[in-house]
Structure formats: structure tokens, C-alpha cells
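Enquirer: Here it is, the structure in full.
The values are calculated or read from the model by the stated rules, or taken from the named source; none is laboratory data. Note that the structure is predicted; figures quoted are calculated from it, not measured. No Cβ is skipped: glycine too gets one built from the backbone with ideal geometry, and neighbour counts run over all protein chains shown.
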Amino acid sequence: MKLQPDKSDVLSVTGYGPGWIAVNGEKLSRSLILSSRGDRRAWDVSAYEDLSAMHFEQIALLDAELVIFGSGQRLRFPDPAWLTALMAKRTGLETMDTPAACRTYNILAAEGRHVALAVIIDTDSD
């Protein structure tokens with residue numbers, strides 16, 4: 001039996017490493033927000049310490065059913081006070097390190113879920 005890889009029309013993470021991720025083959029070195037519905041935008045976060053409620057308000061505008069938050073090379077959870085906009089829309093949030101977030105986003109997006117990925121791309125090595 002010949003097997004063919006699944007084809008997906010959604011934006012997907014095709015690679016990652018320290019200081020970068022690739023989206024549909026394009027290597028990016030800045031934090032970003034990605035949506036399974038085709039939205040890709042820069043996210044003005046260069047380190048976890050830069051985060052505020054405003055950053056999660058930007059994600060809430062996507063109206064995703066679930067947000068996968070990649071906190072960088074280390075797992076760090078967002079302050080609950082930052083999540084008010086997501087909670088108001090009843091949007092779920094899962095926090096992971098950035099590599100795990102990329103893998104999880106790809107799986108959920110390929111299943112047809114309306115999911116968003118918000119990842120911090122660490123500009124320095126931890």
C-alpha cells in the first residue's frame with residue numbers, strides 16, 4: 001500500500017530551533033501570532049518579561065476556540081490577570097514551551113480546529 005503525506009491548506013510550522021521558527025517554509029526570527037484560519041502577524045514581544053494584558057487582548061481578537069501559548073525555550077505561565085480578554089470570550093489557553101506549542105498547533109490545525117498559536121521567539125539563548 002502506498003501512503004501519501006496529508007496535505008493541509010492551513011498555515012503550519014514547518015521547522016523550529018533556538019531563535020527561529022519556520023511557517024510554511026519561511027524562516028522567522030521574531031515572536032508571532034498564527035491562526036489556523038490564515039492570519040499571521042508579528043507579536044511585539046522579544047522576551048517573556050515584555051508580556052502584558054495587551055498582548056493577550058491582541059490574541060483574543062482572533063476569536064479562536066483555543067490559544068496555544070509558546071513561552072519561549074522554558075515553560076513559563078502567563079499571569080492570570082493578563083488573560084481577562086480571553087476569558088471574556090471563553091477562549092481556552094494552553095501554555096507550553098515554544099517547540100511543544102508548535103507541534104501541538106500543527107496537530108490541532110490539521111484536524112480543522114480554529115486554533116491560534118502565539119509564540120515567543122527568544123532573541124537570546126537561555
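Enquirer: Test each condition in (1) modelled with pLDDT under 95; (2) assigned to a helix (DSSP H, G or I) for TYR105 and report the one that comes out false.
Expert: Unmet for TYR105, out of (1) modelled with pLDDT under 95; (2) assigned to a helix (DSSP H, G or I): (1).
Enquirer: If you don't mind, there's one more thing I want to ask. Name the pairs: first residue in the stretch 76-87 and among the small types (Gly, Ala, Ser), second residue surrounded by 12 or more Cβ atoms within 10 Å (Cβ to Cβ), Cβ to Cβ under 8 Å, at least 6 apart or on different chains?
Expert: The qualifying pairs are ALA81/ALA53; ALA85/ALA53; ALA85/PHE56; ALA85/GLU57; ALA85/ILE59; ALA85/ALA60.
Enquirer: Taking the condition of being part of a loop (DSSP other than H, G, I, E, B) and closer than 14 Å to ALA116 by Cβ, how many residues in the stretch 5-46 meet it?
Expert: 9
Enquirer: Is there a residue in the stretch 68-80 that is among the β-branched types (Val, Ile, Thr) and closer than 10 Å to ALA116 by Cβ?
Expert: yes
Enquirer: Among (1) surrounded by 13 or more Cβ atoms within 10 Å (Cβ to Cβ); (2) within 23 Å of SER12 (Cβ to Cβ), there is one condition ALA42 misses while meeting the rest; what is its number?
Expert: All conditions pass for ALA42, except number (1).
Enquirer: Hey, another quick one. How many of the residues in the stretch 115-126 are surrounded by 15 or more Cβ atoms within 10 Å (Cβ to Cβ), more than 10 Å from ILE68 (Cα to Cα) and either free of Cβ contacts under 8 Å to residues at least 60 places away in the same chain or touching a strand residue (DSSP E or B) at 6+ places or on another chain (Cβ under 8 Å) (or both)? Explain how you work it out, then say what you get.
Expert: Kept after step one, since they are surrounded by 15 or more Cβ atoms within 10 Å (Cβ to Cβ), are these residues of the stretch 115-126: 115-122.
Keeping just the survivors that are more than 10 Å from ILE68 (Cα to Cα) gives 120-122.
Subsequent filtering for residues that are either free of Cβ contacts under 8 Å to residues at least 60 places away in the same chain or touching a strand residue (DSSP E or B) at 6+ places or on another chain (Cβ under 8 Å) (or both) retains 120-121.
Residues flagged as surrounded by 15 or more Cβ atoms within 10 Å (Cβ to Cβ), more than 10 Å from ILE68 (Cα to Cα) and either free of Cβ contacts under 8 Å to residues at least 60 places away in the same chain or touching a strand residue (DSSP E or B) at 6+ places or on another chain (Cβ under 8 Å) (or both) within the stretch 115-126 amount to 2.
Enquirer: Moving to a separate point now. If we scan the stretch 50-58, do we find a residue that is buried (at least 18 other Cβ atoms within 10 Å of the Cβ) and either farther than 13 Å from ALA118 by Cα or among the polar types (S, T, N, Q) (or both)?
Expert: No: the stretch 50-58 contains no residue that is buried (at least 18 other Cβ atoms within 10 Å of the Cβ) and either farther than 13 Å from ALA118 by Cα or among the polar types (S, T, N, Q) (or both).
Enquirer: Just give me the residues in the stretch 64-82 being at pLDDT below 95 and either farther than 20 Å from TRP20 by Cβ or not basic (Lys, Arg) (or both), in sequence order.
Expert: GLY72, GLN73, listed by residue number.
Enquirer: Being under 19 Å from THR123 (Cα atoms), surrounded by 13 or more Cβ atoms within 10 Å (Cβ to Cβ) and modelled with pLDDT of 95 or more narrows it down to one of ALA100, ALA85, so name that one.
Expert: ALA100
Enquirer: Here is a follow-up. Pull out all pairs, ordered by first then second residue, where Cβ-Cβ is under 7 Å, the residues are six or more apart or on different chains, the first lies in the stretch 9-25 and is in contact (Cβ under 8 Å) with a residue 60 or more places away in the chain, and the second is among the acidic types (Asp, Glu).
Expert: From residues that are in contact (Cβ under 8 Å) with a residue 60 or more places away in the chain, the pairs are GLY19/ASP122.
Enquirer: Here is a further query. Output yes when any residue across the stretch 111-120 is modelled with pLDDT under 95, assigned to a loop (DSSP other than H, G, I, E, B) and within 12 Å of the chain's Cα centre (by Cα), and no when none is.
Expert: So far as the stretch 111-120 goes, no, none of its residues is modelled with pLDDT under 95, assigned to a loop (DSSP other than H, G, I, E, B) and within 12 Å of the chain's Cα centre (by Cα).
Enquirer: Among (1) within 10 Å of the chain's Cα centre (by Cα); (2) in a helix (DSSP H, G or I); (3) not hydrophobic (A, V, I, L, M, F, W, C), where does THR95 come up short?
Expert: (2)
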